[in-house]
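Chemist: One structure, pasted below without further comment.
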Amino acid sequence: MHYPTLRLLPRKEESILRLHPWVFSGAIASYSEPVTDGSLVTVLDSKGKPLGTGHFGGGSIAVRLLSFSGEEIIDREFYKARLQAALRLRLDCGLVRPDGSCDRPNDTYRLVHGEGDGLPGLVIDIYDRTAVLQAHSMGMHEARMMIAEALQEVYEEAGDPVAPLAGIYYKSESTLPTRDMRELASDGFLLGHTEATPIWENGLRFIPDWLKGQKTGFFIDQRENRELVGQYAQGCTVLNAFCYTGGFSIYALGAGAKRVDSLDSSSKAMYLTERHVALNFGEDCPRHRSVTEDAFDYLEQMPQGQYDLIILDPPAFAKHRKVLRNALMGYRKINGIAIKKAAPGSIIFTFSCSQAVSKEEFRLAVFTAAASSGRRVRILHQLTQPVDHPINIYHPEGEYLKGLVLYVE
Ligand code: SAH
């Protein structure tokens with residue numbers, strides 16, 4: 001054994017044998033020696049048989065397993081192999097389409113989605129030749145430089161259509177699990193340096209903001225759903241509520257919407273949206289209007305029938321199960337008003353990105369909203385996260401984005 005070990009209580013190995021990568025603190029019987037947050041540990045069953053190796057975290061999720069072998073060494077070569085496999089999947093899914101290679105270039109994608117790519121606690125997003133690395137565990141924080149070096153090598157060796165990375169930025173000041181850890185992290189370039197310049201998403205242009213933006217600087221996870229909005233938007237009058245950087249608005253305008261109103265309570269978000277409208281459609285785009293207002297108030301006050309396509313993509317109303325009831329009330333309320341106010345024969349794209357809210361709970365909230373409106377509502381599509389946010393089948397907690405496309409008569 002290469003690492004300190006911890007032994008589980010009897011029968012607590014069952015979820016690990018089913019390849020679930022988390023060990024809860026309540027499952028642990030004993031430690032071979034004291035371990036600190038971020039250390040690598042090998043987990044043993046109650047009889048001493050090795051089950052896997054991972055990062056110790058100290059919280060209720062005590063270990064996030066990186067390997068289901070007690071023998072594997074977690075070094076730069078280990079990370080390199082996982083990163084190569086992650087890149088292979090994105091290439092196989094056709095996500096890497098550089099400028100000039102086709103008429104819908106795409107150089108923006110999530111390379112590593114934590115447990116979905118066998119790397120719990122790690123997120124890596126790619127924006128053209130910049131990678132943004134985000135740690136959600138102390139173990140990944142401590143391994144950041146090793147991972148950055150492996151990542152650089154993977155991109156140097158990959159060859160066409162993958163270009164070498166020019167900068168690897170670290171953005172974890174707000175994502176590490178405890179305040180002490182967050183105080184230790186300092187955001188900045190680990191390797192190289194790049195400026196934020198326009199990137200491509202399905203032939204449209206956006207500017208990620210890894211210095212100050214939410215997540216790693218752009219919401220990559222709505223790419224496929226934005227594209228579906230494009231399929232419905234032609235000739236429509238569209239409301240994009242909770243627009244942030246205006247992703248859905250740009251797709252709707254690009255697909256020939258008659259008018260798009262982008263709505264967000266944050267003036268910073270409206271600035272980012274307007275910048276994206278200008279980048280794609282010129283400084284003066286008469287089809288677009290910005291509204292800086294609270295979405296609940298705006299929807300409440302708008303006349304019925306003003307829009308025939310409404311997008312509702314609110315922030316995660318519930319960050320954990322404790323506030324689930326309030327979150328469900330929020331979804332019920334916003335969807336209820338939108339359904340009531342939608343034009344006859346209109347479409348609503350409605351989302352929840354709260355991991356704590358299940359698909360069924362979200363659907364029940366939308367059902368309750370529809371029922372109270374008294375209108376006939378049908379579900380046309382059930383949406384989820386895109387291919388570069390894969391869900392490890394043994395780790396259903398990795399599924400977080402849910403959406404419904406409703407047809408309101
Ligand atoms: N749809 C976006 C992501 C939305 S993030 C995309 O595809 O990129 C959620 C956004 O909701 C944030 O920009 C936040 O400013 C905004 N927001 C939060 N509460 C709001 C409210 N009550 N009314 C309007 N906007 C709100």
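Chemist: Looking only at helices (runs of 4 or more DSSP H) that lie completely in region 76-184, which have at least 2 residues being open to solvent by 60 Å² or more (accessible area, probe 1.4 Å)?
Modeler: 76-92, 144-158, 179-184
Chemist: Could I ask something else about it? Hey, among the residues in region 276-300 that are part of a helix (DSSP H, G or I) and within 13 Å of the ligand (Cβ to nearest atom), which one's most open to solvent (accessible area, probe 1.4 Å)?
Modeler: Per the stated criteria, the residue is Glu300.
Chemist: Now a separate question. Look through Lys319, Lys340 and report the one residue that is within 16 Å of the ligand (Cβ to nearest atom) and either open to solvent by 10 Å² or more (accessible area, probe 1.4 Å) or in contact with a Ser or Thr (Cβ under 7 Å, 6 or more places away or on another chain) (or both).
Modeler: It is Lys319.
Chemist: Being within 15 Å of Phe68 (Cα to Cα) and of a type in the set (A, V, I, L, M, F, W, C) is the filter; apply it to region 9-43 and report the residue that is most open to solvent (accessible area, probe 1.4 Å).
Modeler: Here the residue is Leu17.
Chemist: Can you confirm whether region 220-237 contains a residue that is away from the ligand (no atom under 13 Å from the Cβ), over 29 Å from Ser137 (Cα atoms), open to solvent by less than 30 Å² (accessible area, probe 1.4 Å) and part of a strand (DSSP E or B)?
Modeler: yes
Chemist: Something else about it: Out of everything in region 355-384 that is within 19 Å of His320 (Cα to Cα) and not small (Gly, Ala, Ser), what residue ends up being surrounded by the most Cβ atoms within 10 Å (Cβ to Cβ)?
Modeler: So the residue we want is Val357.
Chemist: Checking the condition closer than 20 Å to Cys353 by Cβ, in a loop (DSSP other than H, G, I, E, B) and in the same structural domain as Glu227 (by TED's automatic domain parsing), which residue from Thr245, Thr273 passes?
Modeler: Thr245
Chemist: Would you check if there is a residue in region 84-97 being within 22 Å of Met138 (Cα to Cα), among the aliphatic types (A, V, I, L, M) and either at pLDDT below 95 or assigned by TED's automatic domain parsing to the domain that holds Ile126 (or both)?
Modeler: So far as region 84-97 goes, yes, one or more of its residues are within 22 Å of Met138 (Cα to Cα), among the aliphatic types (A, V, I, L, M) and either at pLDDT below 95 or assigned by TED's automatic domain parsing to the domain that holds Ile126 (or both).
Chemist: What number of residues within region 243-258 satisfy the criterion of being touching a helix residue (DSSP H, G or I) at 6+ places or on another chain (Cβ under 6 Å) and at positive phi?
Modeler: Count: 2.
The values are calculated or read from the model by the stated rules, or taken from the named source; none is laboratory data. Values in this document were obtained by computation on a predicted structure and should not be read as measured data. Cβ sites come from the backbone with ideal geometry, for glycine too, and all protein chains shown count toward neighbours. Accessible surface is based on the protein model in full, side chains and every heavy atom, while ligands, DNA and RNA are left aside. Shrake-Rupley method; radii C 1.70, N 1.55, O 1.52, S 1.80 Å.
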